[in-house]
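Before any comments, here is the structure.
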Amino acid sequence: MNLLPAQSQCRKCSLGEGCKNAGLPSRTLPELLSPPRRQRALLVIGEAPGYNEDIQGKTWVGWAGKLLERWLLESKPFDKQVDIFLTNAIRCHPPQNENPSAGQMKACREHLLYDIKELYRVYKGNLTVLCAGSFAAKTAGYSSLTQGQQVSFSDDSDLSVPVFFTNHPAALRAGRQPTMVRAISLHLHLLYDVLTGVRKVSPPSPDVPPRALLPPKHMPSIISLDIETYGILEGSSQTVFNPTQSHIIDHIRREDMVVTTALAWRPEPDAPIENSVYVWDARRDRSCLYSWIRRATEQKRTLIGKNLVFDLSYLRYCDDLLHYYIQPHKGLQLDDACIINHLDFEQRPERSLKNISALFGLADYAESAVTGAKGNATTLYDPELWKYNALDAIVTLELYELLWKRIKERYGPKSAKLSPTCTLTRNELIWTLLHMTEVGVALDPFKIKKAHLDHTKKADRILAWTKYKHDLPLAGTGSMKAVRKIIVDSLDTDLINDPLVALTPKTKEVSTKKDNINLILFRRPIGDPRRSLPRLLTTYRHHAKIVQSYTTKLLTNPVEGLINPMFYPLAFPRWYGIPQHISKNETDKTGGTIQGRITCRGPALMTFPPSLKTCYASRFQDGWLRDYDLSQIELRVGALLSGDPVMLREYRNDEDRHAIAAL
């Protein structure tokens with residue numbers, strides 16, 4: 001039975017014109033003559049057919065398809081639980097495997113929705129969707145999801161199915177991200193356990209948490225803390241996540257920033273988790289919270305959270321007594337589930353508490369009446385707000401314990417991850433991030449303004465000269481054509497066919513990006529006239545980028561730059577203490593980069609050009625700043641620790657690895 005037909009006659013976009021087999025239909029795995037066989041169905045959505053699929057006229061038959069088949073039939077017997085259907089968000093093979101346009105995605109979505117509705121009808125609503133790859137999720141219209149979230153399709157609100165997601169199997173190819181096999185394994189284990197009923201993601205507790213409990217005389221060793229700020233209240237918009245910025249940009253009074261605080265703890269190691277919520281405006285609640293923090297400090301207990309720096313920065317800013325007790329020298333120890341998640345698996349794509357908790361089956365936030373994203377708590381005394389706040393604290397504690405258990409099982413009890421040195425480092429790292437978050441960075445607005453004018457003048461001068469001398473606009477209308485002409489003419493006949501020449505993915509024209517310019521400057525000898533315009537183009541781009549990406553934002557955008565250049569010349573970057581391998585599915589505000597060092601964004605101080613590094617200022621009158629810049633320090637340390645002979649030779653010979661890699 002041809003349950004899901006092909007769309008071979010579809011010409012809603014141009015992709016079908018260049019395919020051998022256009023509009024490939026969904027198919028079953030293994031091949032079924034007359035589905036349905038089971039009572040439930042699983043629809044796996046890939047990104048687009050590849051070369052092998054186009055030749056054979058079947059979806060998922062290439063390298064990635066064979067790997068997917070092993071996962072779904074051999075690693076776990078999914079076919080014993082559900083009828084498996086394989087499809088793609090795009091039904092025609094894109095030339096050179098390029099990413100389809102927004103119009104092509106929209107045109108193909110109609111076919112995907114037809115398949116989903118048909119399977120939903122045939123299997124009487126017992127349908128589950130698995131998106132393989134971030135592009136598949138985006139094309140199919142499912143972005144920013146937690147695992148297992150119910151998604152409604154089209155205008156039919158009754159047609160709602162659980163959607164899971166994982167990485168595309170092709171990501172595991174050599175030279176890409178083979179280490180992501182651990183993440184994919186977890187995703188498929190979760191999906192299988194949910195389908196078999198072994199794991200049921202628990203909904204939020206229906207009970208309203210107790211309010212304003214006093215701390216026990218003998219404090220628990222670990223206390224989980226979570227706060228809710230003004231953005232969760234209905235009608236209140238939170239645009240920034242630093243208390244100083246909240247006061248100046250969002251115009252929120254100190255006493256109105258924190259709404260509620262939740263604590264969760266185990267009275268004994270194997271005892272059930274207890275929790276309590278503290279309303280910020282209530283005097284007795286605040287007094288009880290003081291007692292918790294004071295006693296935890298005196299007994300040197302560990303306070304944990306998920307993005308704990310955010311929580312503590314608001315508590316310290318909004319209350320002088322909490323600021324007094326929450327100090328690094330008073331004995332309070334800090335730890336963060338974000339860091340432990342990184343220690344467990346540094347490339348895990350899930351980073352937000354909701355996604356990680358769904359991954360491990362700790363909680364399901366889908367039924368929460370109030371969430372941080374919805375921002376719809378009616379008042380500080382809304383019981384749904386208390387339940388949500390307490391749930392965050394409880395799940396953070398459960399996740400913290402689970403991750404440590406996984407680390408011990410995977411790396412062994414003698415792993416350095418479990419050492420006192422690692423514990424001390426995490427504690428000091430969080431205190432450092434908290435301090436940097438609070439104090440901000442002082443910059444001299446007059447020097448920034450001067451740098452802005454200097455770079456603007458130099459960029460404008462180059463624009464005017466190239467337009468007058470060569471009639472080539474480097475910016476605005478016609479600039480793309482002019483820049484491509486500069487690059488093509490400079491490549492000339494001897495370099496135009498060089499295999500290192502970069503082409504655009506769709507039209508296969510010569511790329512206007514820096515790779516080709518670097519190639520020209522590297523291959524053309526000094527004095528060659530064919531170097532002049534590419535070098536001038538590079539110089540223009542350098543000045544224009546500083547103006548657009550740095551000085552303009554520093555002077556005019558209080559969120560990304562100086563809060564007030566004249567009266568409050570401080571910037572408050574978002575600091576990240578661990579590398580983050582960012583997934584396109586994620587919307588977690590913790591952010592991050594893949595660099596192995598403390599980094600920041602908004603503004604990105606680490607990438608300041610030399611002309612802006614001179615704009616740092618001391619916050620103290622007649623103060624001085626001392627700056628140390630160690631060239632390629634991360635790579636040098638890596639070379640020394642690993643003993644890699646190639647890297648060691650490069651540094652002995654003073655070779656620049658960054659410059660070599662750029663070519």
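The values are calculated or read from the model by the stated rules, or taken from the named source; none is laboratory data. This one's a predicted model, so the numbers in the text were calculated from it and none came from an experiment. Glycine also receives a Cβ, built like all others from the backbone with ideal geometry; neighbour counts cover every protein chain displayed. Side chains included, ligands, DNA and RNA excluded: accessible areas come from the protein's heavy atoms. Shrake-Rupley method; radii C 1.70, N 1.55, O 1.52, S 1.80 Å.
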Can we say Lys469 is at negative phi, part of a helix (DSSP H, G or I), over 27 Å from the mean Cα position of the chain (by Cα) and surrounded by 15 or more Cβ atoms within 10 Å (Cβ to Cβ)? no
Of all the residues that make up the stretch 498-548, how many are touching a strand residue (DSSP E or B) at 6+ places or on another chain (Cβ under 9 Å) and part of a loop (DSSP other than H, G, I, E, B)? 5
Between a first residue in the stretch 10-39 that is closer than 18 Å to Ile116 by Cβ and a second residue that is at pLDDT below 85 and loosely packed, with under 12 Cβ neighbours inside 10 Å, which pairs have beta carbons less than 8 Å apart while being 6 or more apart in sequence or on different chains? Pro25/Asn2; Pro35/Met1
Need the failing condition index for Thr599 against (1) within 30 Å of His168 (Cβ to Cβ); (2) open to solvent by 70 Å² or more (accessible area, probe 1.4 Å); (3) modelled with pLDDT of 85 or more, just the number. (2)
Which residue out of Arg284, Arg254 is among the charged types (D, E, K, R), at pLDDT 95 or above, open to solvent by 70 Å² or more (accessible area, probe 1.4 Å) and more than 30 Å from Asn557 (Cα to Cα)? Arg284
Looking at the stretch 349-398, which of the residues that are crowded, with 20+ Cβ neighbours inside 10 Å and basic (Lys, Arg) is modelled with the highest pLDDT? Lys387
Pick from the stretch 473-502, criterion loosely packed, with under 11 Cβ neighbours inside 10 Å and of a type in the set (Val, Ile, Thr), ranking: modelled with the highest pLDDT: Thr477
Taking Thr260 as the residue in question, decide whether it is part of a strand (DSSP E or B) and of a type outside the set (Lys, Arg). yes
Qualifying helices (runs of 4 or more DSSP H) (wholly inside the stretch 283-376; at least 2 residues being touching a strand residue (DSSP E or B) at 6+ places or on another chain (Cβ under 6 Å)): 283-298, 308-318
Could you grab the pairs with beta carbons closer than 6 Å, sequence gap of 6+ or different chains, first residue in the stretch 50-79 and closer than 17 Å to Ile90 by Cβ, second one part of a helix (DSSP H, G or I) and at pLDDT below 90? Ala64/Ala170
Hey, can you tell me all the residues within the stretch 1-56 that are among the aliphatic types (A, V, I, L, M) and part of a helix (DSSP H, G or I)? Leu15, Ile55
Inside the stretch 270-281, can you point out the residues that are open to solvent by 10 Å² or more (accessible area, probe 1.4 Å) and either closer than 24 Å to Val208 by Cβ or touching a residue at least 24 places away in the same chain (Cβ under 8 Å) (or both)? Ala271, Pro272, Ile273, Glu274, Asn275, Asp281
Checking the structure you have, find out if any residue of the stretch 251-262 is small (Gly, Ala, Ser) and without any contact (Cβ under 8 Å) to a residue 40 or more places away in the chain. no
Note down all Cβ pairs under 7 Å where the first residue falls in the stretch 611-628 and is farther than 14 Å from Ala571 by Cα and free of Cβ contacts under 8 Å to residues at least 12 places away in the same chain, the second is open to solvent by less than 80 Å² (accessible area, probe 1.4 Å) and in a loop (DSSP other than H, G, I, E, B), and they're at least six residues apart or on different chains. Trp624/Ser618; Leu625/Ser618
Restricting to the stretch 42-64, what's the tally of residues that are within 31 Å of the chain's Cα centre (by Cα) and crowded, with 22+ Cβ neighbours inside 10 Å? 11
Within the stretch 356-399, of all residues that are among the acidic types (Asp, Glu) and closer than 20 Å to Ile304 by Cα, the one farthest from the chain's Cα centre (by Cα) is Glu398
